[in-house]
1. When only alpha-carbon atoms count, how far does the stretch B:33-114 stretch along each of its three principal axes, as whole angstroms with the largest first?
2. Using modelled amide H (1.01 Å from N, peptide plane; none on Pro or chain starts), what sits under 5 Å from the amide H of B:E15, excluding residues fewer than 5 places away?
3. For the stretch A:1-81, what is the Kirkwood estimate of the hydrodynamic radius, computed as the reciprocal of the mean inverse distance between distinct Cα atoms, to one decimal in Å?
4. How much accessible area per residue does the stretch B:7-101 have, counting only protein heavy atoms and a probe of 1.4 Å, in square angstrom?
5. Taking the Cα centre of the protein assembly as shown as origin, work out the dipole magnitude from +1 charges on Lys and Arg Cβ and -1 charges on Asp and Glu Cβ, in debye rounded to 20.
6. When the accessible area of the stretch B:21-75 is split by element with a 1.4 Å probe, what percent falls to carbon and sulfur?
7. List the trypsin sites (Lys or Arg not before Pro) within the stretch A:1-89 that DSSP assigns to loop and that have no more than 13 neighbouring Cβ atoms inside 10 Å.
8. Any residues in the stretch B:60-104 that have 20 Å² or more less accessible area with all protein chains than in their chain alone, probe 1.4 Å, and which are they?
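The values are calculated or read from the model by the stated rules, or taken from the named source; none is laboratory data. Everything numeric here is computed off the predicted structure, so don't read it as measured data. A quick note on method: Cβ atoms are made from the backbone with ideal geometry, for glycine too, and the neighbour counts reach across all protein chains shown. Accessible surface areas use protein heavy atoms only, side chains included; no ligands, DNA or RNA. Shrake-Rupley method; radii C 1.70, N 1.55, O 1.52, S 1.80 Å.
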Amino acid sequence: DAGITQSPRHKVTETGTPVTLRCHQTENHRYMYWYRQDPGHGLRLIHYSYGVKDTDKGEVSDGYSVSRSKTEDFLLTLESATSSQTSVYFCAISEMGPSGNTIYFGEGSWLTVV
Amino acid sequence: AQSVTQLDSQVPVFEEAPVELRCNYSSSVSVYLFWYVQYPNQGLQLLLKYLSGSTLVKGINGFEAEFNKSQTSFHLRKPSVHISDTAEYFCAVSEADAGNMLTFGGGTRLMVKP
């Protein structure tokens, strides 16, 4: 258990509304990530953070923004949700080790845009 | 940039039979390799990882994988599967000098039949 909590776990929202997903970690990890999972695509990186107020884009960042004002919280915002953003969203952290880093995932947030 | 190919999208197998899930990657630098398992409606759980050292890596639930640098492969094996192994399995790679970024394969759905 890497101490990652995602909220909400399930959400249904309407097209055009803003949505914010929250990722909370308890172990002071520097790197945090947001991925989305879609059938046939595995997981694709949306945005990541390498420290407070330090974020960067991933492979599929269009339509998403992030913020990290505290080490423990990483927020993903869909400014105006579209049906193509219906997906499962996973937060992750990177745990530093002597041989390399290992990425651990939260339980996921199921988002449906209708 | 690295990429990961999981050669089989679905693998049906009978209970107690052996199984191999194939994973090939491409990268121009040294890599770290991971297998994650996702049970229905759950998050991703780390199954095993190769960071350095022995190329044969043992993970949880009786799974193992072998890193083959010349073949750029990291196939996952289990000598005897159980019904409870039914899940989706994801291979992922990160580059050793950028060890905080994971690239995933598309996933392989293992279906164990009685």
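1. Cα spread of the stretch B:33-114 along its principal axes, largest to smallest: 42, 26, 19 Å.
2. Result for B:E15 returns B:K113.
3. Taking every pair of different Cα atoms in the stretch A:1-81, averaging 1/r and inverting gives 13.2 Å.
4. That works out to 47 Å² per residue.
5. Using only the charged Cβ atoms, the result is roughly 40 debye.
6. Carbon plus sulfur share of accessible area: 45 percent.
7. A:R9, A:K53
8. The answer is B:F90, B:G99, B:N100, B:M101, B:L102, B:F104 - residues whose exposure falls by at least 20 Å² when every protein chain is included.
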